[in-house]
1. List, please: which pairs have Cβ atoms under 6 Å, are six or more places apart or on different chains, and start with a residue in the range B:97-111 that is more than 20 Å from A:GLY42 (Cα to Cα) and at the interface with chain A (Cβ under 7 Å from one of its Cβ atoms) and end with one that is at pLDDT 65 or above and crowded, with 17+ Cβ neighbours inside 10 Å?
2. Could you say whether any residue in the range B:68-84 is free of Cβ contacts under 8 Å to residues at least 24 places away in the same chain, surrounded by fewer than 20 Cβ atoms within 10 Å (Cβ to Cβ) and within 14 Å of the chain's Cα centre (by Cα)?
3. Just to be sure I understand, how many residues within the range B:14-42 are of a type in the set (S, T, N, Q) and touching a Ser or Thr at 6+ places or on another chain (Cβ under 6 Å)?
4. Strands (runs of 3 or more DSSP E) wholly in the range A:35-104 with at least 2 residues that are buried (at least 17 other Cβ atoms within 10 Å of the Cβ) - which ones?
5. Since B:LEU113 meets every condition but one in (1) under 24 Å from A:TYR35 (Cβ atoms); (2) surrounded by fewer than 18 Cβ atoms within 10 Å (Cβ to Cβ); (3) touching a Leu at 6+ places or on another chain (Cβ under 8 Å); (4) at pLDDT 95 or above, which condition does it not meet?
6. Which condition number in (1) touching a residue at least 40 places away in the same chain (Cβ under 8 Å); (2) exposed (fewer than 12 other Cβ atoms within 10 Å of the Cβ) is the one that B:ASN52 fails?
7. Please work out which one of (1) closer than 25 Å to A:HIS45 by Cβ; (2) out of contact with any Lys or Arg (no Cβ under 6 Å at 6 or more places or on another chain); (3) in contact (Cβ under 8 Å) with a residue 60 or more places away in the chain is the condition B:VAL12 fails and give its number.
8. Looking at A:SER73, A:SER51, A:SER79, which one is farther than 15 Å from B:GLY42 by Cβ and touching a residue at least 60 places away in the same chain (Cβ under 8 Å)?
Amino acid sequence: SQQGEEDPQALSIQEGENATMNCSYKTSINNLQWYRQNSGRGLVHLILIRSNEREKHSGRLRVTLDTSKKSSSLLITASRAADTASYFCATGDFNTNAGKSTFGDGTTLTVKP
Amino acid sequence: GAGVSQSPSNKVTEKGKDVELRCDPISGHTALYWYRQSLGQGLEFLIYFQGNSAPDKSGLPSDRFSAERTGGSVSTLTIQRTQQEDSAVYLCASSLRVAGGTGELFFGEGSRLTVL
């Protein structure tokens, strides 16, 4: 089964609103990464947060990590139509092959102009 | 090259035929991954290569699937006796594994496989 699970599965908002997506995982991690996928394309790395960090910002993106709850959230502020895409979290395991990253099923975000 | 290159971008084959999918990672990246993505779904891990270590094959769904990485660079994913359920997009990614690094994955655009 997938390590990360995103929720909600789908999110539809108006341009200018904020979008929040959540990710839960099962085992210990050394870092958690968020990726974006435009329809039919490859994934693009957005932001990484390490297990000893609680919050990180990059432009309009804000990521939080709660290792006690094994969860992370991705907030996109002031959304734009161009943010329409699927968003995935990926985790790296501490105790297994640290190179293997496992992905959730993603959140499909639609931003209406 | 500048990015991860995958070929073919699209492949249509008949059930029972063998297919080979190729991945050319970013030069110097020691780690290479194959994932499979069915329509509207997440990424299913298939196999992971890291340097000269034995590959992690734990995600390969059956013995019809195999992959090799020659010379620590180009990788080929082979699916023998394809079945309709093998239809999916096969994504390759590479990363530079260095101490203290991020392990960020760089993805190719994928090979879309359709088995008729």
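The values are calculated or read from the model by the stated rules, or taken from the named source; none is laboratory data. Owing to the predicted nature of the structure, the values given are computational and were not obtained by experimental measurement. Quick reminder, even Gly has a Cβ in these numbers, built from the backbone with ideal geometry, and neighbours come from all protein chains shown.
1. As it stands, the answer is B:ARG97/B:THR30; B:ARG97/B:ALA31, since those pairs meet every condition given.
2. Yes: one or more hits.
3. Taking the range B:14-42 as the starting set, the residues that turn out to be of a type in the set (S, T, N, Q) are B:27, B:30, B:37-38, B:41.
Then keep just the ones that are touching a Ser or Thr at 6+ places or on another chain (Cβ under 6 Å); that gives none.
Number satisfying all stated conditions: 0.
4. On the way: elements: A:43-50, A:55-58, A:61-66, A:71-76, A:85-93, A:101-103.
It comes to A:43-50, A:61-66, A:71-76, A:85-93, A:101-103.
5. Here B:LEU113 meets the rest and fails (2).
6. (1)
7. (1)
8. It is A:SER79.
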